[in-house]
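Chemist: The following block contains the structure, expressed as structure tokens.
Nothing in this text is a laboratory measurement; each read-out follows from the coordinates by a stated rule. The model shown is predicted, which means the values in this text are computed figures rather than measured ones. Counting neighbours? That spans all protein chains shown, and the Cβs are built from the backbone with ideal geometry, glycine included.
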Ligand SMILES: [Zn+2]
């Protein structure tokens with residue numbers, strides 16, 4: 001939840017308090033209790049809308065970890081391009097140095113396309 005949402009909630013709560021003050025502070029306990037229930041009901045509706053909006057935002061933009069990974073990969077590709085790495089033989093994008101994790105070349109470095117996984121271009125590292 002951002003600062004703006006917190007500010008909006010605070011303003012909303014103060015507004016509801018002002019709006020329902022005559023009933024909330026009523027001498028009649030039934031009237032006071034009913035107005036408290038009404039405020040609770042409105043707060044629940046507000047929270048439901050916020051949960052729905054958060055879900056929609058997640059569907060559209062992904063979660064924090066996903067956006068963080070994406071930003072890091074983008075920066076890593078920029079760094080690869082700026083470091084004078086070779087161009088991919090398949091698509092021409094800059095390549096990044098990676099180390100093979102498995103197979104007969106496990107532990108050995110090689111150039112991998114920054115377009116991976118869309119492009120699987122590689123070059124041997126010398
Ligand atoms: Zn490529």
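Chemist: Taking the Cα atoms only, what angle lies between the long axis of helix 3-24 and the longest principal axis of the chain, rounded to 10 degrees?
Modeler: Tilt relative to the chain: about 10 degrees.
Chemist: Would you list 70, 26 from fewest to most Cβ contacts within 10 Å?
Modeler: Working: 70 11, 26 15.
Going from least to most buried by this count: 70, 26.
Chemist: Right, here's the next one. Which of 125, 64 comes first, and how do the rest follow, when ranked by fewest Cβ neighbours within 10 Å? If you can, show how the numbers build up before the last one.
Modeler: Numbers: 125 16, 64 9.
Ranked by crowding around the Cβ, least crowded first: 64, 125.
Chemist: Here's another thing I want to ask about it. Specify the angular offset, from 0 to 90 degrees and rounded to the nearest 10, of the alpha carbon long axis of helix 64-82 from the longest principal axis of the alpha carbons in the chain.
Modeler: 30 degrees
Chemist: Related question: Tilt of helix 29-61 relative to the longest C-alpha principal axis of the chain, in degrees (0 to 90, nearest 10)?
Modeler: 10 degrees
Chemist: Want the number for residue 47 to residue 15: 0.36 nm per residue separation, take away the alpha-carbon distance, what's left? Provide the component values of the computation, followed by the final result.
Modeler: Details: separation 32, 0.36 × 32 = 11.52 nm, distance 1.61 nm.
Contour length minus Cα-Cα distance gives 9.9 nm.
Chemist: For 111, 23, which order do you get if you count the other beta carbons within 10 Å of each Cβ and list the fewest first? Provide the component values of the computation, followed by the final result.
Modeler: Details: 111 22, 23 16.
Starting with the residue having the fewest Cβ neighbours, the order is 23, 111.
Chemist: In deg cm²/dmol, rounded to 500, what helix-only [θ] at 222 nm does the chain give when every DSSP H run of at least 4 residues adds -39500 (n - 2.57) and the total is split over its residues?
Modeler: Numbers: 3 runs with 74 residues, N = 126.
Theoretical 222 nm ellipticity from helices: -21000 deg cm²/dmol.
Chemist: Please say if the stretch 3-61 is rounded, prolate or oblate, where rounded means a/c under 1.5 for a ≥ b ≥ c the square roots of the C-alpha gyration tensor eigenvalues, and otherwise the choice is prolate for a/b larger than b/c and oblate otherwise? Can you show the working numbers first?
Modeler: On the way: a/c = 6.40, a/b = 2.35, b/c = 2.73.
It comes out oblate by the Cα gyration axes.
Chemist: Pop a pseudo-label 7 angstrom from the Cα along the beta-carbon direction at both residue 97 and residue 74 and give the gap in nm to one decimal.
Modeler: So the label points at residue 97 and residue 74 sit 2.6 nm apart.
Chemist: Further question: Grab the Cα-Cα distance for residue 64 and residue 32, subtract it from 0.36 nm times how many residues apart they are, and report the gain in nm with one decimal. Mind showing how you got there, number by number?
Modeler: On the way: separation 32, 0.36 × 32 = 11.52 nm, distance 4.24 nm.
Difference between extended and current length: 7.3 nm.
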